[in-house]
Amino acid sequence: MDTLGLILLFGAFILGGGLYFMFQKTKVKNELPSPVEIGEDNFETAEEIFPIIEFPPELEHEHVPELPWGYDDNKITIMARDPEWIYAYWDISEERRNSLRHTYGPGWDNSLPVLRVYDVTGISYFNGFNANHHYDTVINDYAGSWYIHVGVPNRTYCIDLGRILSDGTYIAVARSNFTFTPRNSISNNVDSEWMLVSENERKLYSRISPLTGISSGELFNRKMH
């Protein structure tokens, strides 16, 4: 190959390499992302990445009224706590108090509040005067309940809420139900009748076995036939 041929070959190689380099540069340039103008709308906020959870406003609790001191029932209720103690609670209306105060005058305010405890064991109809015996327990004007130590089990009791005037007069304000204090010993009832097993039943039961699978009724019918 002469000198001219070498020059032409070398020139063709240089031209081909230049064209290849320009093609690769254009390809890389086209793959680059286009420039983005920076502004307020181009940033992701924290709320977009981590959404803020909005909780509903706390509901206001409904106003619950306080329990009243009384219900104007004008009654006293008693119940046995154990063989020797009775629990009593009561409610007297202001109207009832004013009526008694008007009836008995200034002496009512100076009277003594008491619980009169009646033992009414064995009494079918109690009229306030036919109790087996009674006694008074002094209380105060601010109490609405009281524990009374009766000390005797297995008895029936009734209690009055009342006042004792300065001259000794007793005024009953309210009368309770009856309550029974349980016994604190075994029963003394020893004359109970117990069922006796007859001879036929004894024989019947002796034939019953968990291995036979025969009920007592079926076994009894077989015996009868």
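The values are calculated or read from the model by the stated rules, or taken from the named source; none is laboratory data. What you see is a predicted model, and the numbers here were worked out from it, not measured in a lab. Ideal geometry is used to build each Cβ from the backbone, glycine not excepted, and the neighbour counts take in all protein chains shown.
Taking the condition part of a loop (DSSP other than H, G, I, E, B) and surrounded by 14 or more Cβ atoms within 10 Å (Cβ to Cβ), does residue 143 pass?
no
Residue 212 - would you say it is modelled with pLDDT of 85 or more and polar (S, T, N, Q)?
no
Across segment 104-140, what is the total count of residues that are assigned to a strand (DSSP E or B) and among the hydroxyl-bearing types (Ser, Thr, Tyr)?
3
Name the pairs: first residue in segment 57-80 and more than 18 Å from residue 158 (Cα to Cα), second residue assigned to a loop (DSSP other than H, G, I, E, B) and at pLDDT 70 or above, Cβ to Cβ under 6 Å, at least 6 apart or on different chains?
72/93
Is one or more of the residues making up segment 92-103 surrounded by 10 or more Cβ atoms within 10 Å (Cβ to Cβ), at pLDDT 95 or above and of a type in the set (Val, Ile, Thr)?
no
Hey, can you tell me all the residues within segment 142-165 that are touching a strand residue (DSSP E or B) at 6+ places or on another chain (Cβ under 9 Å) and within 22 Å of residue 94 (Cα to Cα)?
143, 144, 145, 146, 159, 160, 161, 162, 163, 164, 165, listed by residue number.
Could you grab me the full set of residues in segment 111-140 that are surrounded by fewer than 14 Cβ atoms within 10 Å (Cβ to Cβ) and in contact (Cβ under 8 Å) with a residue 60 or more places away in the chain?
Listed by number, the list is empty, since nothing qualifies.
Please determine whether any residue of segment 66-86 is assigned to a helix (DSSP H, G or I) and of a type outside the set (S, T, N, Q).
Within segment 66-86, not a single residue is assigned to a helix (DSSP H, G or I) and of a type outside the set (S, T, N, Q).
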